[in-house]
Amino acid sequence: MTPRTPPGRWVLAGVGLWGPWVFACESWRESSPFQLLVLVAVGGTLLASAWRIVLRESTVSGALRLAAALVAIDLLVDAVSPYPARLFHVGFEIARVGSVVGGWTLGGRIASNRWPTRPAVATCGLSLLLAAIVPGAMVFIAVDGARDRTEPADAALVLGFALDESGRAQPEMVGRVEHAALLERRGVVTRLVLSGGAARGGHTEASVMRDLALQGGVPADALMLEEAARSTIENFACARPILERLGARRVLVMTEP
C-alpha cells in the first residue's frame, strides 16, 4: 500500500510550480509571449515531473487536483489585484494544465525504487528558490519604491494606471499626475510625458491624465501624450522616442510603491 503524501508536501509542490510561473509571466509575457508558452510547456513539464517523484503520488487525479489549484490561484490573484488581469490567460492555463499532467506521466516513467531521487529533489529545491524570489522582489519594491528620488530633470514620465469601467481615473492615477503636476509647478521638470494607451469608456489613460494635469495647472504645451502602451514595459518602450525628440537625458518616473 502506497503511503499517503503529507499535506505540507502538496503545499510545497503548489508553491514550487506556481512561483516560477509568476516569475516567468512577469518577465516575458509582454516581450516574448511565444517563448513564455514554450517555457511553460517544457519547463512546467520538467518541474511537474520532479514534484511527482518527490510527492510519491502516482494517480493522475493528483495531477489534476494540483493543476486545478494553480489555475484557481491565478483567478484569485487577478480578482483581488487592482491591476488589469495578468496571470490568467486561457492559452497559458491550458499549457500549464497540460504540463502538470504530462509531467506526472514523465515522472512515473523515470521514477525508480529509490524515491525521491536526488535530481528530482534538487529540481524541486530550485523551483522553491525561484518561487522565493517573487515575494522577495515584492517586498523590495514596496520598501525601495517608497523612497522619493526627486531631483531636477529634463522631463517626467508618468506611467498610466487602469481606468475604471466608466473611463475615469482611479486614485493611483490621480496621485501620479498630482505629484507630476507639483514638480512641474516647482520647476523640477519642464515636460510631462503621459504614457498609457489602454482605453475604457472611450478614453485612453494618457488622455485622462492630460485632463487631470490641466486641472492641476500644468500648461498644455508642457504635456506630451503617448497613447500606444498597454503595459509598463511598453510605457518605457513607447515613450522613449518621445523623450529622445525632447532631448531628455535625465527623466523622473511617476508611479507609486
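Among the residues of the stretch 53-68, the ones that are crowded, with 17+ Cβ neighbours inside 10 Å and within 25 Å of the chain's Cα centre (by Cα) come to 2 in all. When every residue of the stretch 148-157 is checked against the conditions, none turns out to be polar (S, T, N, Q), touching a helix residue (DSSP H, G or I) at 6+ places or on another chain (Cβ under 8 Å) and under 18 Å from Asn235 (Cβ atoms). Within the stretch 204-257, restricting attention to residues that are in a helix (DSSP H, G or I) and among the hydroxyl-bearing types (Ser, Thr, Tyr), the residue that is farthest from Trp28 (Cα to Cα) is Ser207. Just a yes or no: is a residue in the stretch 163-177 surrounded by fewer than 22 Cβ atoms within 10 Å (Cβ to Cβ), touching a Leu at 6+ places or on another chain (Cβ under 9 Å), not in a helix (DSSP H, G or I) and not assigned by TED's automatic domain parsing to the domain that holds Glu26? Yes; the residues of the stretch 163-177 include at least one that is surrounded by fewer than 22 Cβ atoms within 10 Å (Cβ to Cβ), touching a Leu at 6+ places or on another chain (Cβ under 9 Å), not in a helix (DSSP H, G or I) and not assigned by TED's automatic domain parsing to the domain that holds Glu26. Selection within the stretch 178-195: residues that are outside any helix (DSSP H, G or I) and touching a strand residue (DSSP E or B) at 6+ places or on another chain (Cβ under 8 Å). The member of this set that is surrounded by the fewest Cβ atoms within 10 Å (Cβ to Cβ) is Val188. Taken together, Ala213, Ala239, Ala222, Ala248 contain a single residue that is within 21 Å of the chain's Cα centre (by Cα), within 15 Å of Ala156 (Cα to Cα) and not assigned by TED's automatic domain parsing to the domain that holds Ala85, which is Ala239.
Condition first: among the aliphatic types (A, V, I, L, M) and loosely packed, with under 13 Cβ neighbours inside 10 Å. Now tell me which residues in the stretch 1-37 satisfy that. Hits for the stretch 1-37 are Met1, Val11.
Here Ser127 does not fit the description of being over 22 Å from Asn235 (Cβ atoms) and in the same structural domain as Ile233 (by TED's automatic domain parsing).
Restricted to the stretch 147-162, and to residues that are crowded, with 21+ Cβ neighbours inside 10 Å and in contact with a Ser or Thr (Cβ under 8 Å, 6 or more places away or on another chain), which residue is nearest to Pro82 (Cα to Cα)? Taking the candidates together, the pick is Gly160. Residues that are touching a Ser or Thr at 6+ places or on another chain (Cβ under 7 Å) and within 9 Å of Gly196 (Cα to Cα) were ranked within the stretch 226-253; the one that is surrounded by the fewest Cβ atoms within 10 Å (Cβ to Cβ) is Glu227. Does the stretch 60-82 hold any residues that are among the hydroxyl-bearing types (Ser, Thr, Tyr) and either within 17 Å of Phe23 (Cβ to Cβ) or touching a helix residue (DSSP H, G or I) at 6+ places or on another chain (Cβ under 8 Å) (or both), and which are they? Ser81, the sole residue that qualifies.
The values are calculated or read from the model by the stated rules, or taken from the named source; none is laboratory data. No experiment lies behind these values; they were computed from the predicted model shown. Positions of Cβ are generated from backbone atoms using ideal geometry, with glycine treated the same way; all protein chains shown enter the neighbour counts.
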